[in-house]
Amino acid sequence: MIGDGWNGDPSLRPSGPEHEPARGPRKVMVVTGSRAEFGLLTPVMRAIEAHAGLELIVVAAGSHLIPPALTFRDVKKLFAVADSVPMQKPGRATRLDDAAATGRGIERFARTLAAHQPDWVVVLGDRIEAFAAASAACIGGYAVAHLHGGDRAEGIADEAMRHAITKLSHLHLPATTESAGRIVRMGEPPHRVVVVGSPAIDGLDAIESVSDAVLSGYTGGGELPDAVVLMHPAGRDAETEEAVTAAALEALEGARVLALHPNHDPGRDGVVRALTAAGDQVHVVEHLPREVFIGLLKRVQSTGGVLVGNSSAGLIEAAALRLPVVNIGPRQAGRERAGNVVDAAHESVDAVRGALKRARSLDLAAMTHPYGDGRAGERAAAAIASADPRDPGLLRKRFVDA
């Protein structure tokens, strides 16, 4: 059962001691580095903020600070930001650029840690911002808690970083039982693994379907789309990413399409070029706040629409909303998925068209998904509060044989 610690193979059930919280609130530094991951972290941050034994410290980093979107503003609207950590540079999005940005991030996070002296550093997922923060914290002797560890997303270079962050972390808060099992098989102590669910599911019921008036404020008017497109680069060259995105848009010919700009990852320029060249059929929006994005997905679901692309939102949030999804390419390879997802057999126009036809005929009334019940934030906060960052055995990493 999610929330009771280990719930996988009984032979790997946790047996370690529970540690009582130290006196006074523990300072918990939550690091957010991108718009998508901030949406997932928000319920965790709110739960930490509400917990009597914890004090929230928010650090905005990386792609939040890249113009023109500057999603740093979204973070500041909801939380007091204690510090910011610039990493990437505008227009520099190759893998070597990301390597250089990671180095800058580690150095700058070390200064942030020295200034704020947190008891815990909390990161989510697999991006370079999370890796830089976890690296600085682990090397510097600070306890790290990692959300969404153990997932498989084999189509991108970030897969290696996710597992590296697992080995740099001291408390593991995976989204699913399968992910928890992978973490234990990587040699992490089972009693440090607590299945909390995905915070991406938290609060979805409270978000209303977006109104025409709200949506038009971001899109400049126009009709409700039949399809939302969210294509992120999968770490390939820009020309390949451009061709794949163009094929997806061609497969949607005749539909009303709203497309969002991709993450700031290698190959991004190719995706943006394809969106820019798509013409009047596709309305391109640089960024939607999470509440508007989720409200849009709810509205599209209610009118028989579809989400197309390769975002984890298609496998997690869209599954909870029972929205049909066409998943394209290798980016989400290996990740757990529910019955709302139809994988295109190839990254071609015909394959995407065939997947669209199947997705639109799905019956999702009785569908379930593996990502929890919408209480991940409170479970994560409780786990952080109950694990003692001053325990001498916590920071001393050991490989535990399963």
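The values are calculated or read from the model by the stated rules, or taken from the named source; none is laboratory data. In this text, all values refer to a predicted model and were calculated from it rather than measured experimentally. Cβ sites come from the backbone with ideal geometry, for glycine too, and all protein chains shown count toward neighbours.
Worth a mention:
- Only residues that are closer than 21 Å to PRO199 by Cβ, outside any helix (DSSP H, G or I) and acidic (Asp, Glu) were counted across the range 276-310, and they come to 0.
- When we screen SER302, SER361, SER311, SER348 for residues that are among the polar types (S, T, N, Q), more than 23 Å from the chain's Cα centre (by Cα) and under 22 Å from ARG268 (Cα atoms), the only hit is SER348.
- Residues located in the range 123-163, provided they are over 17 Å from ARG192 (Cβ atoms) and touching a Phe, Trp or Tyr at 6+ places or on another chain (Cβ under 7 Å): ALA132, ALA133, ALA136, MET161
- Once the range 226-260 is narrowed to residues that are surrounded by fewer than 20 Cβ atoms within 10 Å (Cβ to Cβ) and of a type outside the set (D, E, K, R), the residue that is nearest to ALA101 (Cα to Cα) is GLY235.
- Some residue of the range 359-382 being crowded, with 23+ Cβ neighbours inside 10 Å, under 24 Å from SER179 (Cβ atoms) and of a type in the set (S, T, N, Q): no
- If you go through the range 323-337 and pick out every residue that is farther than 17 Å from HIS148 by Cα and buried (at least 19 other Cβ atoms within 10 Å of the Cβ), you end up with 7.
Table: residues versus (1) over 18 Å from LEU65 (Cβ atoms); (2) in a helix (DSSP H, G or I); (3) not assigned by TED's automatic domain parsing to the domain that holds ASN263.
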residue	(1), (2), (3)
SER84	no, no, yes
LEU96	yes, yes, yes
VAL122	yes, no, yes
ALA130	no, yes, yes
ALA133	no, yes, yes
ALA136	no, yes, yes
GLY150	yes, no, yes
HIS163	yes, yes, yes
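- Leading residue by the ranking (nearest to SER34 (Cα to Cα)) among those in the range 53-93 that are among the β-branched types (Val, Ile, Thr) and touching a residue at least 60 places away in the same chain (Cβ under 8 Å): THR71
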